[in-house]
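Just so you know, all these numbers are worked out from the coordinates, no wet-lab data involved. Bear in mind the structure is a predicted one, so any value in this text is a computation, not a measurement. Don't worry about glycine lacking a Cβ; one is built from the backbone with ideal geometry, like all the others, and counts go over all protein chains shown.
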Amino acid sequence: MTETSLPTLPPPGEREPSRARSLHLPVLQEPCGLGFASPPRHETLQDGHQRTITYLRISLTDRCNYRCTYCMPSEGIELVPKADILRLPELEEIVSALIRVGVRRVRLTGGEPTVRKDLVDLVARLAGLGLADLSLSTNGQRLTELAQPLRRAGLHRINVSLDTLDAARFRRVTRRGQLAQVLAGLEAVRAAGFRHTKMNTVAMRGFNDDEVATLCRYAFERDFIPRFIELMPIGEGTLGYPGTFLPTTELRQILRREFGSLCALSAAEDRPPGVGPARYVGVSYQGQPRRVGLISAVSEPFCDSCNRIRLSATGSLHTCLAYDDATELADLLRSQDPALREPLARQRALRDRIQTVLQRKRSGHAFTSAGCGGPAKHMVAIGG
Ligand code: SAM
Ligand code: SF4
């Protein structure tokens, strides 16, 4: 472990440190490092708890080429009919309506978004809308072929899920994936010129808690940002409770043991591009300061600052991942009502419905560390 003179975090269980004491990481000022223009903002979208909504996660499909043990049963889930899945012009129309009311960042997710054959075309269309940030979450299986075209189409950033660097474990957790293919995909992401790539790991006791440092080193050496996600009681994730659930306090202990003291980050340094819920801590690796992201939905909820909504593959708006209820938007796009034929009328109808449903957005989730409080739906049905 390399020595560091940087300020240290308090022991586990205590509050995050003051951000005034800071680690000198390079400050990332531009939203995505690529100099894209600010989006045209017309209105602000606020929920009933005065939280401003700026971030949309879109599930492009409920299909997936993996069957991760904490996400899906081995036989998969009952799939929605293909005809119900939103087409490119419909997606573009909803995103345009949301940009008009203040959404500035969009993440494409799923299911596995790369199984959609029109993904590159969709990215090109959305990139033309002037979003501050357009990103993708993927299991990485198809990135060797897609990284370059996605970059050319205007995608800003990619997050790759990677739970282990051990090939046998990888096969066990994904049931179908090939680790070598995903690692090659990560290299392709670098070669394509993407920056601020995040590596997302669901932290699980007895599965990958012995790989925290290995995953961090792998990420640091390639300039990726490692992030550890608490297992959520959603879908097959509930089966991991209580034994597999690894709270973030324990992750901090592991990081301290492996890298020495954890460092406070200033507000500017804390946030790599994106507006996700991760809290970042700094560690020193080979004399260089590095960030590690911790996403602690269960043990340290971040609902007070929630800025996001989710669109399912069939066009249902979920205001919270933790609940099953959703509001249909697709019917407005597919309506035969003459009053909705005009694009502007549809945009107004979309805006009104979104604003109404947002007043009912819950103040927070009800996840417990015993593994209760999650939705009945699987994450792939809502959009991860
Ligand atoms: N297929 C893509 C992927 O795996 O990145 C995107 C969709 S996936 C549902 C989005 C993220 O949710 C992944 O990082 C995955 O590991 C995570 N995830 C799935 N089920 C989870 C659970 N029960 N608890 C915590 N994270 C989960
Ligand atoms: Fe598929 Fe992603 Fe779920 Fe794994 S976590 S089964 S890759 S949707």
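Count charges around A376 for me, please; just the other residues with Cβ under 14 Å from its Cβ, Lys/Arg as +1, Asp/Glu as -1. Summing Lys/Arg as +1 and Asp/Glu as -1 gives -3. By how many degrees, 0 to 90 and rounded to 10, does the Cα axis of helix 212-221 deviate from the longest principal axis of the chain? That helix lies at roughly 80 degrees to the long axis.
List the lysines whose Cα sits under 22 Å from the Cα of K82, skipping any in the same chain fewer than 8 residues away. Leaving aside lysines fewer than 8 places away in the same chain, those within reach of K82 are K117, K377. If you average the alpha carbon positions of the stretch 277-302 and of the stretch 169-246, how far apart do those two centres end up, in angstrom? The stretch 277-302 and the stretch 169-246 have Cα centres spaced 14 Å from each other. Dividing the summed -39500 (n - 2.57) terms of all DSSP H runs of n ≥ 4 by the residue count of the chain sets its mean residue ellipticity at 222 nm at -8000 deg cm²/dmol. If you run the Gaussian network model on the chain, springs between alpha carbon atoms under 10 Å, then out of A188, A326, A345 the most flexible one is A345.
A crude spin-label estimate for the pair E75 and R190, with each label 7 Å from Cα along the Cβ direction, gives 4.2 nm. Any chance you could give the angle, 0 to 90 degrees and rounded to 10, that helix 143-153 forms with the longest Cα principal axis of the chain? Compared with the principal axis, the helix lies near 60 degrees.
Applied to the stretch 318-325, the Karplus parametrisation 6.51 cos²θ - 1.76 cosθ + 1.60 on θ = phi - 60° returns per-residue 3J(HN,Hα) values of 9, 7, 8, 5, 8, 10, 7, 5 Hz, with x for Gly and Pro. Which shape class applies to the stretch 284-384: rounded if a/c is under 1.5, otherwise prolate when a/b exceeds b/c and oblate if not, where a ≥ b ≥ c are the square roots of the Cα gyration tensor eigenvalues? Cα axes put the stretch 284-384 in the prolate bin.
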